[in-house]
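Heads up: the structure comes next, in structure tokens.
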Amino acid sequence: MARILVVDDDPFNRDVLSRRLQHHGHGVDVAEGGAQALQAAQDTAYDLVLLDIMMPGMDGHQVLSAFKDHDRLAQVPVMMISALEDTDTVVRCLSSGAEDYLTKPFNPHILRARVDSALARKRLRDMEQQHARSLERELEIGRQIQLGFLPAELPHVEGWQVAARFRPARQVAGDFYDLFPVPGAGLGVVIADVCDKGVGAALYMALFRSLLRSGAIRGPSASVDPASTVLGAMSQTNDYIATVHERANMFATVFFGILDPGDGQLTYVNAGHDPPMVLGDGGVRARLGPTAPALGLSNGAGMHVQTMRLAPGDTLFAYTDGVVDAMGEGEPFGEARLLALLAAPSASAAALLDTVTDALEAHVGTTESFDDVTTVAVRRLSHA
């Protein structure tokens, strides 16, 4: 049974409509004019409103407009009723948001068919909205779970500054970063970008992150040799994804390094990721290019460990491709803009990332983001 509001200044029309709708099993309320109808609709949730056009005070067009301007009432279907049959009136009502148009005198069979059709469309819309809300809740739960895979707090390392920024394009993301102590070796620094977008990428993001961290912390050589630790964690992650999840064809570009806070030595493998940059006083001092293919492409892929020493004042800046690919007014942010920002002095690692983030937001403006954006900065202080 539906709840229907009949709005008509003519008591005879109200009575005829009410009795016929009640005969079909619907609950019916009546209103004599526009103001009364608006108040009734705010007090009661109606499934349908039958609204007369020609009424004193507020006519039907004004009432319909008031419904459509109201956040909740805009979702209530309104069927206009009138003795007028001219095309202009019908078009005006439908273009203003009316669900349907019914002429007087009422044919009982047409009335029932039109009402049943309007109610069926409303039920379908209600089901779609309920499904959308359910998906929204599930995505929000996924977003909260995914945030739990990112560091709740960045580690404090004497003599160093550490900062990170993470902006997903959707509620869940394929990008991730990690900064964590590796027992006996130093500070683990990870930034990665899983292929694809959305829920699938987010699930694999959690898998890649967990495999890398557990491989680094629990590896047999974690307390002995940073190179073995990095290589072991990356190789094990790659081989697991490539064999166990081969049919999914999922992969990730990953930069994973272990930093020795004492002497600034960075031991790393770059698996197909955008080369992180080492920034010095004169701008970009080095780029840490790929030393392995993206993880998950093939079992037993060759990997090479490289090292780079960060001198006092140097900053390691790592990012995902969402930075340079961010679109604004038809053009990407681009590497040239990024390099110009990195060449300018910054007060801290956090300030550097804020500068990049602000520039990206200004460039993108109101353009919808299509890729996740993640940045990480690790700066060695000039004086510990």
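The values are calculated or read from the model by the stated rules, or taken from the named source; none is laboratory data. Treat the numbers as computed from the prediction; the structure is a model and nothing was measured. Every residue, glycine as well, gets a Cβ built from its backbone with ideal geometry; the counts of neighbours run over all protein chains shown. Please note that ligands, DNA and RNA were not included when accessible areas were found on the heavy atoms of the full protein model with its side chains. Shrake-Rupley method; radii C 1.70, N 1.55, O 1.52, S 1.80 Å.
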The distance between the Cα centres of the stretch 15-56 and the stretch 353-384, in whole Å, is 55 Å
In whole Hz, the Karplus estimates of ³J(HN,Hα) for the stretch 40-57 (6.51, -1.76, 1.60; θ = phi - 60°; x where Gly or Pro) are 4, 5, 6, 8, 10, 8, 9, 8, 7, 10, 9, 10, 6, 7, 8, 9, x, x
In order over the stretch 266-277: 3J(HN,Hα) from phi, Karplus 6.51/-1.76/1.60, θ = phi - 60°, whole Hz, x for each Gly or Pro, gives 10, 9, 8, 10, 10, 8, x, 8, 3, x, x, 10
The equivalent-ellipsoid semi-axes of the stretch 254-384, taken as the square roots of five times the Cα gyration tensor eigenvalues and listed largest first in whole Å, are 25, 22, 10
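Which peptide among 238-244, 8-14, 47-53 comes first, and what is the full order, when sorted by highest mean count of other Cβ atoms within 10 Å?
Working: 238-244: 17.9, 8-14: 16.1, 47-53: 24.3.
Put in order of decreasing packing, that is 47-53, 238-244, 8-14.
Looking at the calculated P(r) for the stretch 49-136, what percent of the C-alpha pair distances fall above 22 Å?
Working: 1188 of 3828 pairs.
So the portion of pairs separated by more than 22 Å is 31 percent.
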Given [x] 1.49; [y] 0.99; [z] 0.91 as possible values of Cα Rg over 2.2 N^0.38 Å, the one from the coordinates is [x]
Under the helix-only model (-39500 (n - 2.57) for each DSSP H run of 4 or more, divided by the residues of the chain), the mean residue ellipticity at 222 nm, to 500 deg cm²/dmol, is -13000 deg cm²/dmol
Once both label points are put 7 Å beyond Cα along the C-beta direction, the THR355-SER65 separation in nm becomes 5.3 nm
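Kindly report the accessible area of the chain per residue (heavy atoms of protein chains, probe 1.4 Å, no ligands, DNA or RNA), in Å².
Numbers: 18190 Å² over 384 residues.
Each residue of the chain exposes 47 Å² on average to a 1.4 Å probe.
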Under 18 Å by backbone N from the virtual spin label 7 Å along Cα-to-Cβ at SER369, the residues of the stretch 302-335 are 318-335
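Rank these by accessible area, largest first, 1.4 Å probe: PHE251, PHE176.
On the way: PHE251 70, PHE176 0 Å².
Ranked from most to least accessible, the order is PHE251, PHE176.
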Among chymotrypsin sites (Phe, Trp or Tyr not before Pro) in the stretch 268-375, those in a DSSP loop whose Cβ has at most 13 other Cβ atoms within 10 Å are PHE370
For the chain, the longest principal axis of the Cα atoms and the Cα long axis of helix 198-218 enclose an angle in degrees, to the nearest 10, of 30 degrees
In order over the stretch 225-239: 3J(HN,Hα) from phi, Karplus 6.51/-1.76/1.60, θ = phi - 60°, whole Hz, x for each Gly or Pro, gives 9, x, 4, 5, 5, 4, 5, x, 5, 5, 5, 5, 5, 4, 5
Per GNM of the chain with C-alpha springs under 10 angstrom, the most fluctuating residue out of VAL373, VAL278, VAL157 is VAL157
Given a Förster distance of 25 Å, the FRET efficiency implied by the Cβ-Cβ spacing of ASP86 and ASP116, rounded to the nearest 0.05, works out to 0.45
Taking 83-93, 295-305, 69-79 and ranking on average Cβ neighbours within 10 Å, highest first, one gets 295-305, 69-79, 83-93
The stretch 41-93: Kirkwood hydrodynamic radius (Cα pairs, Å) comes out at 11.7 Å
Computed curve, the stretch 149-215, Cα-only Debye sum without solvent term, log₁₀ I(q)/I(0) at 0.18, 0.21 Å⁻¹, is -0.70, -0.89
By accessible area (1.4 Å), largest first, GLU335, GLU153, GLU329, GLU99 order as GLU329, GLU153, GLU335, GLU99
Rounded to the nearest 10, the angle in degrees between the Cα long axis of helix 349-364 and the longest principal axis of the Cα atoms of the chain comes to 40 degrees
Note on the stretch 255-301: alpha-carbon gyration tensor, axes a ≥ b ≥ c; rule is a/c under 1.5 for rounded, else prolate if a/b larger than b/c, else oblate; result oblate
The rounded separation in angstrom of the Cα centers of the stretch 275-295 and the stretch 119-135 is 50 Å
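Using a Förster distance of 35 Å, how high is the FRET efficiency between ASP10 and SER95, based on the Cβ-Cβ distance and rounded to 0.05?
On the way: r = 26 Å, r/R0 = 0.74.
Efficiency at R0 = 35 Å is approximately 0.85.
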A chain fully extended from ALA40 to SER210 at 0.36 nm per residue, minus the present Cα-Cα distance, gains in nm 55.6 nm
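Taking all protein chains as present, what is the carbon and sulfur share of the accessible area of the chain, in % to the nearest whole number, probe 1.4 Å?
Details: 9500 of 18190 Å².
The value for the chain is 52 percent carbon and sulfur by accessible area.
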